[in-house]
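Take a look at the structure below.
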Amino acid sequence: MTDTITLVPPEPVESLTVPLTAGDRITLTETGLVVHGALTFDDFCHGLKKCQLVANGALWTLGDLLLYGETRGEWGEMYSQALDLTKKSYSTLTKAVYLSKHYPRDERVVAVSWSHHREAVSIADPVERRRVLEQAAAEGWSREQVRDHVRGTDTQPTPPRHTCPSCGHQW
């Protein structure tokens, strides 16, 4: 007697009902992007900005939706379902919810990433936290620079000690 194994295909994943576009030459899909024709450098940069907005927004959206689910006490195994459906780690899901709890929509600074917000979340005063995030946006700080600022380990650049009289190079 031989054992028979029946393979059941997974349920299809819903696709985006409307593709996201970045200009008229780039379409973002659930599995990547499609380039229509040749891109200019401006098209390329616009596409990068749009991709970042989508990636950033996805983490906020995930956290907001899970936060909503937490308010529904009757859903019990919500996190088990979320783990299965998103294929994200428990750590990612709990970080997303944590940030959504600590940053109501009107306290989020669009000009910096979700990761910038994660680095600033330990600042207890929401007004100070927003000030730091707005400063990060204005000065183009990386996530690491926000972290260093929050920890108090950021340093001012050391002024140059020497200047070449011929070319002006400083070191």
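The values are calculated or read from the model by the stated rules, or taken from the named source; none is laboratory data. Predicted model, so just to flag it, every value in this text is computed and none were measured. Glycine gets a Cβ as well: all are built from the backbone with ideal geometry, and neighbour counts include every protein chain shown.
For the stretch 17-42, give me each residue that is at pLDDT below 85 and surrounded by 15 or more Cβ atoms within 10 Å (Cβ to Cβ). Working first, answer last.
We begin by selecting, within the stretch 17-42, every residue at pLDDT below 85; these are 17-33.
Residues satisfying the conditions are Leu20, Thr21, Ala22, Gly23, Arg25, Ile26, Thr27, Leu28, Leu33.
Is the stretch 103-118 home to any residue that is among the hydrophobic types (A, V, I, L, M, F, W, C) and farther than 21 Å from Cys51 by Cα?
We begin by selecting, within the stretch 103-118, every residue among the hydrophobic types (A, V, I, L, M, F, W, C); these are 109-112, 114.
So of that shortlist, the ones also farther than 21 Å from Cys51 by Cα come out as none.
No, the stretch 103-118 contains no residue that is among the hydrophobic types (A, V, I, L, M, F, W, C) and farther than 21 Å from Cys51 by Cα.
For the stretch 94-140, what are the residues that are of a type outside the set (Lys, Arg), part of a helix (DSSP H, G or I) and in contact with a Leu (Cβ under 7 Å, 6 or more places away or on another chain)? Lay out the reasoning, then the answer.
First, the residues of the stretch 94-140 that are of a type outside the set (Lys, Arg): 94, 96-100, 102-104, 106-107, 109-117, 119-128, 132-140.
Next, from what is left, pick out any that are part of a helix (DSSP H, G or I): 94, 96-100, 102, 106-107, 114-117, 119-120, 126-128, 132-139.
Listed by number, the residues that qualify are Ala96, Val97, Ser100, Trp114, His116, His117, Ala120.
For the stretch 76-93, give me the residue count where each residue is part of a helix (DSSP H, G or I) and surrounded by 13 or more Cβ atoms within 10 Å (Cβ to Cβ). First the steps, then the outcome.
Start the filter on the stretch 76-93 by keeping residues that are part of a helix (DSSP H, G or I), which leaves 78-86, 90-93.
This time we only want the ones that are surrounded by 13 or more Cβ atoms within 10 Å (Cβ to Cβ), so: 78-79, 82-83, 86, 92-93.
Final tally of qualifying residues: 7.
Could you list, in sequence order, the residues of the stretch 146-171 that are at positive phi and modelled with pLDDT under 70?
Of everything in the stretch 146-171, just one residue is at positive phi and modelled with pLDDT under 70, namely Gly168.
Keeping to the stretch 90-140, report how many residues are more than 15 Å from the chain's Cα centre (by Cα) and of a type outside the set (S, T, N, Q).
Result for the stretch 90-140: 21.
Could you go through the stretch 30-53 and let me know if any residue there is touching a residue at least 40 places away in the same chain (Cβ under 8 Å), outside the structural domain of Arg147 (by TED's automatic domain parsing) and under 24 Å from Arg143 (Cβ atoms). Before you say what the answer is, go through the steps one by one.
Taking the stretch 30-53 first, the residues touching a residue at least 40 places away in the same chain (Cβ under 8 Å) are 52.
Filter once more, so that each one left must be outside the structural domain of Arg147 (by TED's automatic domain parsing): 52.
In the following step, the residues that additionally are under 24 Å from Arg143 (Cβ atoms) were identified as 52.
Yes, there is a match, as at least one residue in the stretch 30-53 is touching a residue at least 40 places away in the same chain (Cβ under 8 Å), outside the structural domain of Arg147 (by TED's automatic domain parsing) and under 24 Å from Arg143 (Cβ atoms).
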